[in-house]
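Take a look at the structure below.
The values are calculated or read from the model by the stated rules, or taken from the named source; none is laboratory data. Since this is a predicted model, take the numbers as computed values, not measurements. Note: ideal-geometry Cβ built from the backbone for every residue, glycine included; neighbour counts use all protein chains shown. Keep in mind that these areas ignore ligands, DNA and RNA; they rest on the heavy atoms of the full protein, side chains included. Shrake-Rupley method; radii C 1.70, N 1.55, O 1.52, S 1.80 Å.
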Amino acid sequence: MGTGCGWREYVAERTSAEIIVKLPDHPICQGVKNFKLPKIERYGEPFAVPTPEAVPLDGVYTKPNGQTEPGRMGCVGRLGRGSVLLHSRSRNL
């Protein structure tokens, strides 16, 4: 993909996250409404991924100490002739 495909930090602290559907008409979001994930790992921005074509899923992490951190939860781009999910912040998605 031309980048390191990494992130600033990975923390397995049982963070909660609110996932916000920004593009409800996007194919990966059809039928999906905003939802919460109670205990997940956290990946910090910036992400070393190609510039996304779209960011249909956004979100906010709430850390165990109550602090919040925004983050892109799903970035979509093109690889060759197909579309790919460049990043999804949680294995639970």
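Contact map, the stretch 13-35: residues that are farther than 14 Å from GLY74 by Cα paired with residues that are polar (S, T, N, Q), Cβ distance under 7 Å, separation 6+ or inter-chain. Pairs shown: THR15/THR62; SER16/THR62.
Counting only residues that are among the basic types (Lys, Arg) and more than 16 Å from PRO56 (Cα to Cα), the stretch 10-35 holds 1 of them.
Taking the chain as the region of interest, the strands (runs of 3 or more DSSP E) fully inside it that hold 1 or more residues being open to solvent by less than 70 Å² (accessible area, probe 1.4 Å), in contact with a Gly (Cβ under 8 Å, 6 or more places away or on another chain) and modelled with pLDDT of 80 or more are 7-21, 54-62, 68-79.
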